[in-house]
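A short worksheet on the structure shown next.
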């Protein structure tokens, strides 16, 4: 771990408690798991200049610059082997954080070398993830994501491909991108999300990050999503908070991402804890861990410590992550059993 875990964690000595905590991760982008050294090597192989020195490669000040960096990095991944290796390394990262299952977001628009070859791209990812599972790393579901600047026809084309190809690893349709730059887009993409649901896919959306609460309302009422990724600014609308809690709609929140991109000013001020106390099912996630210099266990620590979480709070939020995952119910039941056993063992140690 990058930092020693202390604070509201159990009183018995156990630096790896947060790693051992059984949990899912439901908001992590493949694009954001490509590390600096990995990108430098790829750039050298392709004869591409770095946009800035390696030590400053991930220094971005806003969401637009962040997305531009993602495009540059993903364009360096050109072969099936490179893409499969990226998938394998993501699974290794998830295992190192104690993840039992991950929903991994992949936005094909970032991967310039794979445009027009979506089937080949998904197959390459499946090869990497399957190899990782055979080596004991956690299972992964793919959430194929639209970019907000795409057209309604492009969105429908993606869903039609998903429905006709039925790739077994693809579990959901998602949407991401800069809400502030794109403006309201829910009406444009509503038919595609309806078609995805009709075809049996889950649906999620990034919302309430660079937009206000209205973006979250659009996601849940117009797109009909089952999970909102980010949803930070939902806290500004009491009626929305109440609706999220009443409907049991989960938020896949990413504290460090929100801080580094200027959505929140500090971990203490991050609304995750206020939303949790209001009855919203919040989960903790790493978003783009390599680019942000974070890990899932560190994200738990960063929100849990200022809120003085104890065992109960960490267990609750880990449970929310399992509830929010787009894996089969039998997999969720297995994860819940592991979480219950871990809870019993942790409370027993705390009493001794």
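The values are calculated or read from the model by the stated rules, or taken from the named source; none is laboratory data. All values derive from a computational prediction rather than experimental measurement. When we count neighbours, we look across all protein chains shown, and the Cβ atoms used for this are built from the backbone with ideal geometry, even at glycine.
Could you say whether any residue in segment 210-231 is within 21 Å of residue 32 (Cα to Cα) and at pLDDT below 95? Show your work before the answer.
Within segment 210-231, the first condition is being within 21 Å of residue 32 (Cα to Cα), and the residues that meet it are 210, 227-231.
Remaining after also requiring at pLDDT below 95: 210.
Looking through segment 210-231, at least one residue is within 21 Å of residue 32 (Cα to Cα) and at pLDDT below 95.
I'm told residue 28 meets every condition in (1) part of a helix (DSSP H, G or I); (2) in contact (Cβ under 8 Å) with a residue 40 or more places away in the chain; (3) under 20 Å from the mean Cα position of the chain (by Cα) except one. Can you identify the failing condition by its number? Going through the list (1) part of a helix (DSSP H, G or I); (2) in contact (Cβ under 8 Å) with a residue 40 or more places away in the chain; (3) under 20 Å from the mean Cα position of the chain (by Cα), residue 28 breaks only (1). Criterion applied to 324, 343 was being surrounded by 15 or more Cβ atoms within 10 Å (Cβ to Cβ) and under 30 Å from residue 70 (Cα atoms), and the one residue passing it is 324.
Just one of the listed residues (58, 66) is assigned to a loop (DSSP other than H, G, I, E, B), modelled with pLDDT under 95 and under 20 Å from the mean Cα position of the chain (by Cα), namely 58.
Within segment 122-149, the set of residues being farther than 22 Å from residue 193 by Cα, touching a helix residue (DSSP H, G or I) at 6+ places or on another chain (Cβ under 7 Å) and surrounded by 18 or more Cβ atoms within 10 Å (Cβ to Cβ) comprises 124, 125, 128, 129, 132, 137, 138, 139. The set of residues in segment 31-49 that are without any contact (Cβ under 8 Å) to a residue 40 or more places away in the chain, assigned to a loop (DSSP other than H, G, I, E, B) and surrounded by 13 or more Cβ atoms within 10 Å (Cβ to Cβ) contains only 48. When residue 143 is tested against (1) in contact (Cβ under 8 Å) with a residue 40 or more places away in the chain; (2) part of a helix (DSSP H, G or I), just one condition goes unmet, and that condition is (2).
Of the residues that make up segment 113-130, is at least one outside any helix (DSSP H, G or I), farther than 28 Å from residue 322 by Cα and under 21 Å from the mean Cα position of the chain (by Cα)? No, that holds for no residue. Looking at segment 277-300 only, could you name the residues that are surrounded by fewer than 23 Cβ atoms within 10 Å (Cβ to Cβ) and closer than 25 Å to residue 212 by Cβ? 277, 278, 279, 281, 292 - these are the residues of segment 277-300 that are surrounded by fewer than 23 Cβ atoms within 10 Å (Cβ to Cβ) and closer than 25 Å to residue 212 by Cβ. When residue 231 is tested against (1) within 16 Å of the chain's Cα centre (by Cα); (2) under 24 Å from residue 117 (Cα atoms); (3) crowded, with 24+ Cβ neighbours inside 10 Å, exactly one condition is not met: (2).
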